[in-house]
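Peer 1: Can you read through this structure? Questions will come right after.
The values are calculated or read from the model by the stated rules, or taken from the named source; none is laboratory data. On a predicted model such as this, the values are computed, not experimentally measured, just so you know. Backbone-built Cβ (ideal geometry, glycine too); neighbour counts: all protein chains shown.
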Amino acid sequence: MAYFRLSDPLHSEAINIIEGLGSHRKVSQASLLELDLLMKSRGFTPAERLKTWILLEKVIPIEAVEVLNPQDFTVATVLTEKYGLDYFDALVAAQCITRNAKPVTTDEDIIEAVSKTSKDKLLSELKNLHKE
């Protein structure tokens, strides 16, 4: 949302992030889904949402979208329980953990979950749960 609001204190940073997307920096598919739901829940008209997505289609290359996979949902479920993360934050954190990536966010909950969770330890715990 900061990308679209000139008054947002993170607007400049959001522009730099969006313009820097590519092979080494990606945007989570979960973030895009959350944006669409936010726009819809805040009363954006279909025309306003369409205008937003047409703009984002021009500035976010397809290869810069990090697609969700089943393992992300598995890890997100654990993170929701362990850290009380909301649905979309848990998915973004899960993607970072499973890909050994650093989140580019100001969300302290995501930063904390990623910094405190080891991919190997978490996957080992999940395997043990699956055996039970």
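Peer 1: Given Ala2, Ala30, which one is buried (at least 16 other Cβ atoms within 10 Å of the Cβ) and closer than 21 Å to Gln95 by Cα?
Peer 2: Just a single option satisfies the conditions, and that option is Ala30.
Peer 1: Return the residues of region 6-51 that are farther than 15 Å from Val104 by Cβ, among the hydroxyl-bearing types (Ser, Thr, Tyr) and modelled with pLDDT under 95; say none if nothing qualifies.
Peer 2: The answer is Ser7, and nothing else.
Peer 1: Moving on. Filter region 90-132 down to the residues that are within 19 Å of Leu33 (Cα to Cα) and without any contact (Cβ under 8 Å) to a residue 24 or more places away in the chain and list them by number.
Peer 2: Ala90, Ala94, Cys96, Pro103, Thr105, Asp107
Peer 1: While we're on this one: Given the residues His11, His24, which is the only one that is over 13 Å from the mean Cα position of the chain (by Cα), exposed (fewer than 13 other Cβ atoms within 10 Å of the Cβ) and within 29 Å of Lys116 (Cα to Cα)?
Peer 2: After ruling out the rest, the residue left standing is His24.
Peer 1: Do we have any residue at all in region 76-98 that's surrounded by fewer than 13 Cβ atoms within 10 Å (Cβ to Cβ), modelled with pLDDT under 95 and under 23 Å from Glu13 (Cβ atoms)?
Peer 2: Scanning region 76-98, I find no residue that is surrounded by fewer than 13 Cβ atoms within 10 Å (Cβ to Cβ), modelled with pLDDT under 95 and under 23 Å from Glu13 (Cβ atoms), so the answer is no.
Peer 1: Report every pair of residues separated by at least 6 positions or lying on different chains whose Cβ atoms are under 8 Å apart, first residue within region 23-45 and closer than 24 Å to Lys102 by Cα and of a type in the set (Asp, Glu), second surrounded by fewer than 18 Cβ atoms within 10 Å (Cβ to Cβ) and modelled with pLDDT of 95 or more.
Peer 2: Asp36/Arg49; Asp36/Trp53
Peer 1: Determine whether Ser41 is closer than 18 Å to Asp86 by Cβ, in contact with a strand residue (DSSP E or B) (Cβ under 6 Å, 6 or more places away or on another chain) and of a type in the set (Gly, Ala, Ser).
Peer 2: no
Peer 1: Then there is this: Among the candidates Ile110, Ile60, which residue alone is in the same structural domain as Arg25 (by TED's automatic domain parsing), under 24 Å from Ile17 (Cβ atoms) and surrounded by 11 or more Cβ atoms within 10 Å (Cβ to Cβ)?
Peer 2: Every option except Ile60 fails the conditions.
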